[in-house]
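The structure appears right after this line, and notes come after that.
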Amino acid sequence: MAKSKNNAKKLSYISVPSQIINSISSSSLQSLLDSPKKTSRSTNRFFFFFTNSIFRRPRLWFFTLFLFGFLGMLKFGLTINIPFSPHPCATTLPQNMISTPHPKSNLGVVRQNNIKDEVLLTKALVSHVELRAQGLDKVEGDGGIEKSEFWKQPDGLGYKPCLSFSRDYTRATDGVLKDRRKYLMVVVSGGLNQQRNQIVDAVVIARILGASLVVPILQVNVIWGDESEFGDIFDLEHFKRVLANDVRVVSALPSTHLMTKPVEGSPPLHVTPSWIRSRYLRRFNREGVLLLRGLDSRLSKDLSPDLQKLRCKVAFNALRFAQPVQELGDKIAERMKSKGPYLALHLRMEKDVWVRTGCLPGLSEELDEIVSNERIERPELLTARSNMTYHERKMAGLCPLNAVEVTRLLKGLGAPKNTRIYWAGGQPLGGKEALLPLIQEFPHFYSKEDLALPGELQPFANKASIMAAIDYIVSEKSDVFMPSHGGNMGHAIQGHRAFAGHKKYITPNKRHMLPYFHNSSISEEEFNRIIKELHQDSLGQPELRTIKAGRDVTKYPIPECMCNDSHANS
């Protein structure tokens with residue numbers, strides 16, 4: 001493109017100290033740049049008067065020269081400390097607020113980029129303020145996460161999801177989807193991850209019976225009083241769409257079945273598909289509606305490859321969270337990610353966990369007494385019924401880790417002091433004081449309440465399952481995940497991270513490591529070496545489900561739901 005005549009002339013710039021530029025308003029700069037040169041009569045008159053008055057009087061002429069010379073010498077001798085920087089282009093903005101370094105500061109650039117720079121600086125300031133409000137700008141040392149082997153990911157051995165079904169399964173699909181006579185209703189209970197497990201099995205049971213599945217009913221949680229429905233937590237339309245070639249999902253019973261008295265049932269533990277057919281199918285065909293309750297761990301974990309694939313398809317693809325929940329979880333995960341890699345830590349230190357497991361917090365006599373008294377007053381809460389003492393249970397690896405033990409384990413595994421930790425889980429017994437040993441060693445310690453902006457969590461304030469879903473999303477997206485105790489959430493995330501390519505997942509080897517926690521004779525260096533050695537095979541590496549009977553495919557998706565080059569697709 002040809003240059004215009006106006007641009008033919010070369011622009012010349014005057015270097016001006018940044019302090020002066022900052023003290024001049026944009027309007028002043030504009031007037032300086034746009035004001036015309038003074039070549040009017042007033043200038044000529046002044047020049048005429050000056051020359052006439054000076055040159056006609058020699059004494060005045062010499063006095064003027066002397067005065068200028070004296071003032072020049074005086075200025076040269078006295079001006080030692082220059083009030084501006086010797087490098088007038090230097091700036092003192094914080095490093096994280098400078099978007100593009102400018103080697104020179106000049107009036108022409110200021111005029112052309114004034115608005116643009118103001119917008120960039122405003123964005124930088126807003127971002128800086130938000131991070132400060134969230135506590136994410138507190139970085140020690142060089143201002144970043146220090147490089148460490150702790151963040152190294154396991155070798156996934158090339159395993160990838162493979163959910164191709166057999167010809168027999170595909171052939172039977174048309175008959176399953178066309179059947180409009182049988183409808184399966186299920187009532188699922190418990191917390192979020194118990195609900196997920198039961199929904200997965202409900203879809204598989206509907207497929208086994210060739211029935212349409214009515215959207216599962218979520219029983220009001222007796223502990224948290226959560227009245228959320230399926231569509232509040234999960235994306236219902238996505239659920240229907242993903243399973244469209246496996247099971248017909250309907251939002252409600254059709255009018256033809258509303259007056260039908262359903263066949264009710266509650267299967268025993270670990271039933272097989274043949275047991276389900278022999279138990280329910282005849283009456284189901286006659287009545288048209290089957291209502292099942294309490295599906296937790298009712299269906300066998302050892303099923304045909306096609307049904308195992310269906311389990312994975314529901315758990316990892318169909319059960320996507322509702323859009324408002326997913327969006328907030330993604331935002332919080334991004335805030336954690338904004339400063340580098342992070343660890344998600346699922347702490348199981350709530351009062352009911354200590355009571356149910358038959359364990360004690362071990363952080364103070366007062367907290368231990370609270371748990372012991374609760375267990376005496378409400379023995380029905382104790383799920384671990386055995387004659388083992390607390391100490392025996394502890395050394396057998398059956399108790400959750402407390403804050404001291406989690407801290408020692410993370411240090412032993414090489415977690416840097418500036419590791420950013422996302423804390424998932426309920427309020428610990430003893431409040432945040434129970435977490436002090438962990439926070440003192442790893443001060444960059446955040447929960448969703450710390451990271452959410454004002455008002456973001458308010459819509460879900462009384463929705464325990466949705467709050468757990470946010471923790472699930474942030475934990476699943478983390479660089480490293482570690483639970484302090486086994487449980488439904490830990491198992492679900494283990495499978496999810498495996499299905500996503502075997503992202504690092506630390507399984508605490510409690511039974512073997514705890515004796516070393518009580519051995520004061522070994523040095524810290526030796527302790528760390530032992531801890532790393534005990535966990536070298538517990539970092540989320542691929543592990544076959546079929547090595548041991550009864551393993552859940554949604555926790556160990558190999559070989560039914562994942563394959564590599566050395567394993568042919570099913």
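Overview of values
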quantity: Candidates SER297, SER338, SER304, SER364 - the one that is hydroxyl-bearing (Ser, Thr, Tyr), in the same structural domain as VAL203 (by the TED database) and in contact (Cβ under 8 Å) with a residue 40 or more places away in the chain; calculated: SER297
quantity: Any hit, segment 467-477, residues being more than 22 Å from LEU328 (Cα to Cα), in the same structural domain as LYS351 (by the TED database), touching a strand residue (DSSP E or B) at 6+ places or on another chain (Cβ under 9 Å) and part of a helix (DSSP H, G or I); calculated: no
quantity: Verdict on ARG277 being touching a residue at least 40 places away in the same chain (Cβ under 8 Å), more than 30 Å from LYS463 (Cβ to Cβ) and either open to solvent by 40 Å² or more (accessible area, probe 1.4 Å) or of a type in the set (D, E, K, R) (or both); calculated: yes
quantity: Inter-residue pairs, beta-carbon under 6 Å, first touching a residue at least 12 places away in the same chain (Cβ under 8 Å) and in segment 393-416, second open to solvent by 30 Å² or more (accessible area, probe 1.4 Å) and aliphatic (A, V, I, L, M), 6+ apart; calculated: ASN402/LEU363
quantity: Which numbered condition PRO267 misses (of (1) open to solvent by 20 Å² or more (accessible area, probe 1.4 Å); (2) assigned to a loop (DSSP other than H, G, I, E, B); (3) under 23 Å from LYS309 (Cβ atoms)); calculated: (1)
quantity: Those residues of segment 520-560 which are loosely packed, with under 11 Cβ neighbours inside 10 Å and closer than 19 Å to LEU310 by Cβ, in sequence order; calculated: GLY550
quantity: Matching residues, segment 457-496, being buried (at least 22 other Cβ atoms within 10 Å of the Cβ), more than 20 Å from TYR446 (Cβ to Cβ) and at pLDDT 95 or above; calculated: ALA492, GLN494, GLY495
quantity: Qualifying helices (runs of 4 or more DSSP H) (wholly inside segment 482-570; at least 3 residues being touching a strand residue (DSSP E or B) at 6+ places or on another chain (Cβ under 9 Å)); calculated: 488-499
quantity: Conditions (1) in contact with a Gly (Cβ under 6 Å, 6 or more places away or on another chain); (2) open to solvent by less than 30 Å² (accessible area, probe 1.4 Å); (3) of a type outside the set (Phe, Trp, Tyr): number failed by LYS301; calculated: (2)
quantity: Test: residue in segment 309-318 that is farther than 23 Å from SER465 by Cβ and open to solvent by less than 60 Å² (accessible area, probe 1.4 Å); calculated: yes
quantity: Residue list for segment 292-321, restricted to those being out of contact with any Leu (no Cβ under 8 Å at 6 or more places or on another chain), farther than 30 Å from ALA415 by Cβ and not in a helix (DSSP H, G or I); calculated: ARG293, GLY294, LEU295, ASP296, LEU299, SER300, LYS301, ASP302, LEU303, SER304, LEU319, ARG320
quantity: Among the residues listed as GLY340, GLY288, GLY329, the single one being under 18 Å from MET185 (Cβ atoms) and open to solvent by less than 30 Å² (accessible area, probe 1.4 Å); calculated: GLY288
quantity: Helices (runs of 4 or more DSSP H) completely within segment 160-246 that count 2 or more residues being within 30 Å of ASN462 (Cβ to Cβ) and open to solvent by 10 Å² or more (accessible area, probe 1.4 Å); calculated: 192-209, 230-233, 236-242
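The values are calculated or read from the model by the stated rules, or taken from the named source; none is laboratory data. Remember, predicted model here, so these are calculated numbers, not experimental data. Glycine also receives a Cβ, built like all others from the backbone with ideal geometry; neighbour counts cover every protein chain displayed. These area figures cover heavy atoms from the full protein model, side chains too; ligands, DNA and RNA do not enter into them. Shrake-Rupley method; radii C 1.70, N 1.55, O 1.52, S 1.80 Å.
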